[in-house]
Amino acid sequence: MSNKRGIKLKGRLKTFLQVFMYLGIIILLVTIAIYTVDITAGLILTAFDLLYFIAVIYLNFYNKPIIMNELVSFATEYGQIQKKLLRELELAHALLDDTGKVVWTNAAFEKIVHQEKGYRRSITTLFPNITIDKFPTSDETTQVDVEYENNFYIIKMKKISLMEMAINSDIIDANGYEGHLIAVYMFDRTALKLALEEVDNQSLATGLIYLDNYDEALESVEEVRRSLLTALIDRKINKYIASCDGISKKIEKDKYFVVMPKKSCQMLQEARFDILEDVKTVNIGNEMAVTLSIGIGIGGLSYAQNYEFARNAIDLALGRGGDQAVVKNPENVVYYGGKSQQVEKSTRVKARVKAHALKEIITSKDTVIVMGHRLGDADSFGASVGIYRVAKTLNRKCHIVLNDVTASMKPLVDLFKDNPDYDNDMIISSQQAIDLAGNSTVLVVVDVNKPSITECPELLRFVKSIVVFDHHRQGSEVIENATLSYVEPYASSACEMVSEILQYIGENVKIHTEEADSMYSGIVVDTNNFNNKTGVRTFEAAAFLRRNGADVTRVRKLFREDANDYKAKADAVSQAEIYRGAYAISICSSDEVASPTVVAAQAANELLNIKGVRASFVCTEYQNQIYISARSIDEVNVQIIMERLGGGGHMNVAGAQMDNTSSIEAIDVIKRTLDSMIENGELG
């Protein structure tokens, strides 16, 4: 009790207890004033004052210890109540020291992590992704998403300084002390996450399905059975979409519009769109199997955006040759299938239409600039020369952008340098091309549709009118906003396409022998002497060039190899490793080789002559990069393999470039990619 009597009060409670003394002083002053008026009244009031002060003194000295006792008891019980409330709080809560070690937990936290009271190990032992770098370093609260035993939590952490405790402590020196605790709160978001996932899964995905070769397939079957073939295909598509809770609607004879839940689209992706192979089994006597192209858009902010994604996806699928599915979302594009060769169109109507459009575009401009891909080859340069002849026929100034001339290209380029029949500025550098670019300029891009690997990517930003001629399958990176785009993956080469264009420009086209040789060379190189991707129209284009002066003997002499190149190619073939019994992988030395990338491509072609080899990959180092040449005959789509490595190309001819790596490391990457694709069923 004596200790409680010694307690001094302050604040409002002290004022409340002292107010009676202040009132007593006021009453005394009033009593003195009454004495000046009436002594009898003053005596009566004095007696009242005595009784008042006796009562106040009694209450102050007798009841104050009782009040103090109650206050101390309340404070003690209040602390216990607080501790109990925190202990039994339904929100999981814990305290960590500044190293992340648990120093206190409440019951809810212990229930979640299945640990008894007194657990004193690091928080990282419970949640591995909460490392010391995730701890708060300021007063701001940090947040970490955690999955624990199939439940999902948001863990918030707040730094609590112990400076005030140190200042009031008798045993801790507060000077320079920066100790702190970390308060941890766990919020269960499992139900919310599941609900959001369910809503997301039920969001609609939009799709388009096109029959790639509808007319050709119908023509290959008897007329009386054509309706049956159409009905069987309709049934397969409708049944396939209905099996995944989707709806399909035929909008044209060979086109379908599809909607389905996003969850169903994910199921189709896991099955790798098996309808692509299933529809090929429809056979009622048709000589040609039917193939599909599928484009699906998901993850858009609206149905309209999903439809736009689907349209972009189907364009990519068709541009890559068909017989594949493309799924596009805001982040990326995923490809499935693409194992069939695209059917060559026998009609040249499209070529004639594109030639007419090109003629209109060029005649509306004053200057034509032509460029191919970086480190141009015979096809790229030959196609550029063909466009040069188109521009000259239409009386327009034309320039070809070519920065580096490889040793294999030098014989071709020398045909035009210092040739009096050609302007001195026929071949220019990237900077010269940028200086010439303007509103009256048209840029024609040949043999490439990937802007990053063009001869001068910056030029695409300076020219508003762009024309693209290419025979490579399109990837997710394409030249956008092209005024005219003619991309035909079935074509053997860009030179074949330009040769067809030349035939429809006009009757006054006069092709020089140098130009005919260049374009013929491009076809020879890209078809590996008419062995790869050679169709009827390829031979027709070659015949057209032959009639216009192309000489087979001259072309052969242009591509005779240097002895060092031949030895390097032979060495690459002899050192090849046959991986998994079907994939030839080798390294082509770049020492004393003028054009190692060309030699590597030739070595890759040679490796296909080995029995059992389904695809070949040859790596070579050039200009501090690793160039990979990939080739196949018909069983493996090397394009999708190279796309995994950032490259692209055709089903049978593709390549990629890798920075900051060695040839040995590049081979390891190729092997891992092959392993992954085989395990996932992407390669047979």
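Values as computed for the structure displayed
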{"read-out": "The range 358-414: trypsin sites (Lys or Arg not before Pro) in DSSP coil with no more than 14 other Cβ atoms inside 10 Å", "value": "none"}
{"read-out": "Packing-based order for 668-677, 26-35, using average beta carbon neighbours within 10 Å, highest first", "value": "668-677, 26-35"}
{"read-out": "Estimated FRET transfer efficiency (Thr131, Arg311; beta-carbon r; R0 41 Å; 0.05)", "value": "0.40"}
{"read-out": "The range 558-574 - phi-based ³J(HN,Hα) in whole Hz, Karplus 6.51/-1.76/1.60, Gly and Pro as x", "value": "4, 10, 5, 8, 6, 4, 5, 5, 5, 5, 4, 5, 5, 5, 4, 5, 5"}
{"read-out": "With Cα atoms, 0 to 90° folded angle of helix 12-35 axis to the chain main axis", "value": "40 degrees"}
{"read-out": "Segment Gln143-Asn529, extension gain: residue separation times 0.36 nm, minus the distance between their alpha carbons", "value": "132.7 nm"}
{"read-out": "The range 459-475 - phi-based ³J(HN,Hα) in whole Hz, Karplus 6.51/-1.76/1.60, Gly and Pro as x", "value": "4, 5, 7, 9, 10, 7, 9, 10, 10, 10, 10, 8, 10, 8, 5, 6, x"}
{"read-out": "Long-range amide H partners of Asn106 with built H, under 5 Å", "value": "His93"}
{"read-out": "Cβ-based exposure ranking for Leu375, Leu292, in which fewest neighbours within 10 Å come first", "value": "Leu375, Leu292"}
{"read-out": "Pairs of lysines in the range 129-280 (C-alpha under 19 Å apart; 8 or more residues apart or interchain)", "value": "21"}
{"read-out": "Alpha-carbon centroid distance for the pair the range 481-537 / the range 386-418, whole angstrom", "value": "15 Å"}
{"read-out": "Over the chain, relative contact order from alpha-carbon pairs under 8 Å, at least 6 apart, %", "value": "7 percent"}
{"read-out": "FRET efficiency, 1/(1 + (r/R0)^6) with R0 51 Å, evaluated for Glu197 and Val536 via beta carbons", "value": "0.45"}
{"read-out": "Ordering of 536-543, 551-558, 597-604 by packing [mean C-beta count within 10 Å, highest first]", "value": "597-604, 536-543, 551-558"}
{"read-out": "Distance in nm between pseudo-label sites at Glu577 and Gln269 (7 Å out along the Cβ direction from Cα)", "value": "3.3 nm"}
{"read-out": "Efficiency of FRET between Phe61 and Ile27 - r from beta-carbon atoms, R0 25 angstrom, step 0.05", "value": "0.80"}
{"read-out": "Integer Hz, Karplus 6.51/-1.76/1.60 couplings in order for the range 136-149, x for Gly and Pro", "value": "x, 10, 9, 6, 6, 7, 9, 9, 9, 8, 10, 10, 9, 6"}
{"read-out": "Projected label distance in nm at Thr363 and Arg461, using a 7 Å step from Cα toward the beta-carbon", "value": "3.5 nm"}
{"read-out": "Residues with amide H under 5 Å from that of Ala615, placed H, sequence gap 5 or more", "value": "Ala584"}
{"read-out": "Global form of the range 349-558, assessed from the alpha-carbon gyration tensor, a/c cut-off 1.5", "value": "rounded"}
{"read-out": "Mean separation of Cα contacts under 8 Å, 6 or more apart, over the residue count of the range 92-196: relative contact order %", "value": "27 percent"}
{"read-out": "Under-5 Å amide H pairs with Arg189, H placed in peptide plane, nonlocal only", "value": "Phe152, Tyr153, Ile154"}
{"read-out": "Over the chain: helical MRE at 222 nm, DSSP H runs n ≥ 4 each giving -39500 (n - 2.57), nearest 500", "value": "-13000 deg cm²/dmol"}
{"read-out": "Inter-label distance, nm, simple model (7 Å from Cα along the C-beta direction), Gln18/Thr281", "value": "9.8 nm"}
{"read-out": "Between helix 303-319 and the chain: long-axis angle, C-alpha atoms, 0 to 90°, nearest 10", "value": "30 degrees"}
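Quick note: the coordinates plus some simple rules give every number you see, no bench work behind them. Keep in mind that what you see is a predicted model, and the values were worked out from it rather than measured. Glycine gets a Cβ as well: all are built from the backbone with ideal geometry, and neighbour counts include every protein chain shown.
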